[in-house]
Amino acid sequence: QGAKKAVVLDGTDDYFSANAFGAARVVTADTVGTFCAWVNVVDNTSTYAMISLGDWNVNEYLWFGVDSGKVKGFLYDAAATNWVIQSTTAKDLASGWHHIALVHNGTRPIIYLDGALETITDVTATTLASWISVLGGCDLTSIGCLAKSATLTYDFNGAIADVKYYNKVLTAAEILSEFN
C-alpha cells in the first residue's frame, strides 16, 4: 500500500494473532499505556477492530478501532462495561492513511487522530480509570478483529501498519512525533 508496509485484510475471517502479548500485559498489570497504528479503511460506515485483547473463555476484552468514521475504544471486564469512548465527530477515515492512538493516563482514556487530540464522547463512563490490569486473563490478542468469548467480530477491511503498544503514557508531543 504505497510507501507503507502493511497487513491488508479483506474484512472476512482474516487477522493477525499475537496472543502472548495480551498475556504478558495482564501479568505486568498495566494501569497506563498507549496503543497506536496507521489505518486505511475501505468503508467509512462500518465497525472495525484495529486491535483487541480478550479472553477465549470469559466475556472480557479491550478493543480499539473505528466505528462509522469515529475512532472508538471499549473496555469490558467480565462483570460490566468499564468505558466506551469515541470521537465526537465522524471523519472520512476511508480517505487514505490515518494515524490513530488510544492513550490511558491512569485516570481516563483519550484518543488522538492524525497527531491531534480528539474531542471525545463518553458513551459509557462507569469506571474510566480502568485499563488492562482489570482484565483477569488475556489469552487472545488480535490485530484486525475483536477476539473474545470464542468469537471473532468487527473484522477489519483495509490496511493496518505500524501497530505499537507502549506501557507508558505518550505525551501529545510524542503522539505528534509518531504521526510525523
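The values are calculated or read from the model by the stated rules, or taken from the named source; none is laboratory data. Quick caveat, the model's predicted, so the values are computed rather than measured. So basically every Cβ, Gly included, is an ideal-geometry build from the backbone, and we count neighbours across all protein chains shown. For the accessible areas, the whole protein counts, side chains as well, though only heavy atoms, and no ligand, DNA or RNA atoms are used. Shrake-Rupley method; radii C 1.70, N 1.55, O 1.52, S 1.80 Å.
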* To do: Hey, could you check the range 134-154 for residues that are part of a loop (DSSP other than H, G, I, E, B) and among the small types (Gly, Ala, Ser) and say which is modelled with the lowest pLDDT?
  => Gly137
* Look at Ala101 and say whether it is assigned to a strand (DSSP E or B) and within 19 Å of Asp10 (Cα to Cα). => no
* Assess whether Glu118 counts as being over 19 Å from Thr31 (Cβ atoms) and surrounded by 14 or more Cβ atoms within 10 Å (Cβ to Cβ). => yes
* Do the conditions hold for Leu62, that is, is it open to solvent by less than 20 Å² (accessible area, probe 1.4 Å), in contact with a helix residue (DSSP H, G or I) (Cβ under 7 Å, 6 or more places away or on another chain) and either in a strand (DSSP E or B) or over 14 Å from Cys145 (Cβ atoms) (or both)? -> yes
* To do: Starting from the range 43-62, take each residue that is closer than 15 Å to Ile143 by Cα and list its partners that are open to solvent by 40 Å² or more (accessible area, probe 1.4 Å) and among the acidic types (Asp, Glu), counting only C-beta distances under 7 angstrom and pairs at least six apart or across chains.
  => Asp55/Asp139
* Just wondering, is there one or more residues in the range 74-83 that are β-branched (Val, Ile, Thr) and open to solvent by less than 20 Å² (accessible area, probe 1.4 Å)? -> no
* To do: Give the residue that is modelled with the highest pLDDT, with candidates limited to residues of the range 1-23 that are aliphatic (A, V, I, L, M) and open to solvent by less than 50 Å² (accessible area, probe 1.4 Å).
  => Leu9
* Structure fact -> Within the range 131-164, residues touching a Ser or Thr at 6+ places or on another chain (Cβ under 9 Å), farther than 21 Å from Gly69 by Cβ and crowded, with 20+ Cβ neighbours inside 10 Å come out as Trp131, Ile132, Leu140, Thr141, Ser142, Ala147, Lys148
* Does at least one position in the range 24-37 carry a residue that is over 21 Å from Leu128 (Cβ atoms), small (Gly, Ala, Ser), surrounded by fewer than 19 Cβ atoms within 10 Å (Cβ to Cβ) and modelled with pLDDT under 95? -> yes
